[in-house]
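The structure under discussion appears below in the form of structure tokens.
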Amino acid sequence: MWSATFAPARLLLSNLATSASPLMEDPMTRFDESDPFGGETLAVRPPNPGVAAVLSVLLPGLGQLYSGRFAAAVGWFLATAFAYWAILLPGFAVHAFCVWSAYQSARSWRGY
């Protein structure tokens, strides 16, 4: 019953999934041939190192959180907050190192 209901959608997707289709140029979309209904499987996009660095500039630890490293995000946030509270100059140094760490964690991303 369900396969008959979704037959037009499967036909449309199979027609769109040609090699000349702009839909197939997106690395996030791939069609799973083993699915009996011809469904669509979405791949996980790795984090962008530049976005991770900018997020860490805005809020220390946010770039690590974006890269999927929750414990590192909390640690960097607390360390940077303490460094700013203690003395201003070490705060800038710790914040810069936090941005570098976020960039590196996004570059070496292996999945969540």
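The values are calculated or read from the model by the stated rules, or taken from the named source; none is laboratory data. Only a predicted model underlies this, so the values are computations on that prediction, with no experimental measurement involved. Please note: Cβ atoms are built from the backbone with ideal geometry, for glycine as well, and neighbour counts cover all protein chains shown.
Cβ contacts < 7 Å: first residue in contact (Cβ under 8 Å) with a residue 40 or more places away in the chain and not assigned by TED's automatic domain parsing to the domain that holds residue 97, restricted to the range 57-84; second residue among the hydroxyl-bearing types (Ser, Thr, Tyr) and part of a helix (DSSP H, G or I), any location; separation 6+ or different chain. Result?
none
Could you tell me whether any residue of the range 83-93 is modelled with pLDDT under 90 and either assigned to a loop (DSSP other than H, G, I, E, B) or within 23 Å of residue 44 (Cα to Cα) (or both)?
Looking for residues that are modelled with pLDDT under 90 and either assigned to a loop (DSSP other than H, G, I, E, B) or within 23 Å of residue 44 (Cα to Cα) (or both), one finds at least one in the range 83-93, hence yes.
Output the residues belonging to the range 49-71 that are part of a loop (DSSP other than H, G, I, E, B) and at negative phi.
59, 60, 67, 69
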